[in-house]
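Chemist: Just dropping this structure here.
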Amino acid sequence: TRQVSQALWACGKMVAFENPMMNAMAVVQGRSVNTDCYDVDNEMEGDTTFEEHAGLNPPYMKSVNKYLKFLIENRELMTPKQTAQSIWAIGRLRIYDDSMLDKMGEIALSVAPRCNAQEIANIVWGLSKVGYLEDDVISQLIRCITTSTKLTNECTCQEAANALYALGRLQIRDEESFSSLSAIILNRMQEATSQAIANALWAHEIVDLQPPRELLDCWAQENLGLVAAFGEGFSGDKGGKGGNKNK
């Protein structure tokens with residue numbers, strides 16, 4: 001399972017190179033260029049899947065299905081790292097197979113007590129990318145971080161933001177998790193990137209929760225050059241909430 005999960009992870013990494021390659025082929029063949037296909041950073045609705053790209057699936061996609069089937073059949077051998085690598089790859093590859101996702105979700109829950117914060121964040125990020133439907137599973141996974149002092153202490157700002165992003169993308173209004181993950185970010189503001197803060201604010205907006213004022217202040221300072229006056233912040237009645245409602 002170690003080698004197979006690593007191979008699956010490598011397939012996920014390959015996605016970053018597929019869009020330019022497929023577009024080059026399209027130009028040579030006189031077809032229109034697809035700017036969305038394989039765009040791993042595109043959060044808009046209706047991301048193009050491999051199957052939708054005029055039948056031009058990368059050759060390794062046939063192997064991906066075999067890898068996943070093997071891992072599911074040998075689930076009792078899966079480690080937290082292997083599970084995180086595999087589900088992260090599923091998210092990158094946009095594999096929409098409910099039966100397969102259900103089984104991988106079950107594997108994730110079984111290894112969750114042994115996962116570190118990074119592994120949990122990668123798992124929920126990957127599941128969120130393919131519209132995983134089991135809200136309870138996502139909440140249980142995230143609470144492995146928020147209810148553990150050890151994992152809360154080791155969780156980075158980026159990992160907390162990724163977990164919030166997953167909750168937002170799946171529209172899971174888990175107020176306890178939102179509060180705990182936001183607290184992790186606030187306690188590590190010195191390492192917070194603009195993108196991490198934006199993802200956290202976006203997630204709050206999607207589920208209609210008011211974000212902590214400090215997050216809004218930090219975003220305003222980073223992106224607008226504004227400084228909170230008199231300690232009042234920017235989250236008052238006139239400020240409202242920001243965020244991109246596109247997934």
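The values are calculated or read from the model by the stated rules, or taken from the named source; none is laboratory data. Computed from a predicted model, the values in this text were never measured in an experiment. We place every Cβ from the backbone using ideal geometry, glycine too, and count neighbours over all the protein chains shown. Remember, those area values only see protein heavy atoms, side chains included, never the ligands or the DNA or RNA. Shrake-Rupley method; radii C 1.70, N 1.55, O 1.52, S 1.80 Å.
Chemist: Whether any residue in the stretch 96-106 is at pLDDT below 95 and within 17 Å of the chain's Cα centre (by Cα) is what I want to check.
Modeler: Looking for residues that are at pLDDT below 95 and within 17 Å of the chain's Cα centre (by Cα), one finds at least one in the stretch 96-106, hence yes.
Chemist: Consider the stretch 157-196. How many of its residues are closer than 16 Å to V207 by Cβ, open to solvent by 50 Å² or more (accessible area, probe 1.4 Å) and part of a helix (DSSP H, G or I)?
Modeler: 3
Chemist: Tally time: how many residues in the stretch 203-213 are in a helix (DSSP H, G or I), farther than 18 Å from L127 by Cα and open to solvent by less than 50 Å² (accessible area, probe 1.4 Å)?
Modeler: Here is the first cut: in the stretch 203-213, the residues in a helix (DSSP H, G or I) are 203-206, 213.
Of the ones still in play, those that are also farther than 18 Å from L127 by Cα are 204-205, 213.
Going one step further and asking which of them are open to solvent by less than 50 Å² (accessible area, probe 1.4 Å), we end up with 204-205.
Residues flagged as in a helix (DSSP H, G or I), farther than 18 Å from L127 by Cα and open to solvent by less than 50 Å² (accessible area, probe 1.4 Å) within the stretch 203-213 amount to 2.
Chemist: Being open to solvent by 20 Å² or more (accessible area, probe 1.4 Å) and either not charged (D, E, K, R) or not in a loop (DSSP other than H, G, I, E, B) (or both) is the filter here; which residues of the stretch 118-136 pass it? Spell out the reasoning first.
Modeler: If we filter the stretch 118-136 for residues that are open to solvent by 20 Å² or more (accessible area, probe 1.4 Å), which is where we start, we get 118-119, 122, 125, 131, 133-136.
The answer is Q118, E119, N122, W125, G131, L133, D135, D136.
Chemist: Determine the pairs where a residue that is more than 7 Å from A161 (Cβ to Cβ), located within the stretch 186-200, has a partner that is acidic (D, E) with Cβ atoms under 8 Å apart, the partner being 6 or more residues away or on another chain.
Modeler: L186/E214; M189/E214; S194/E222; I197/E222
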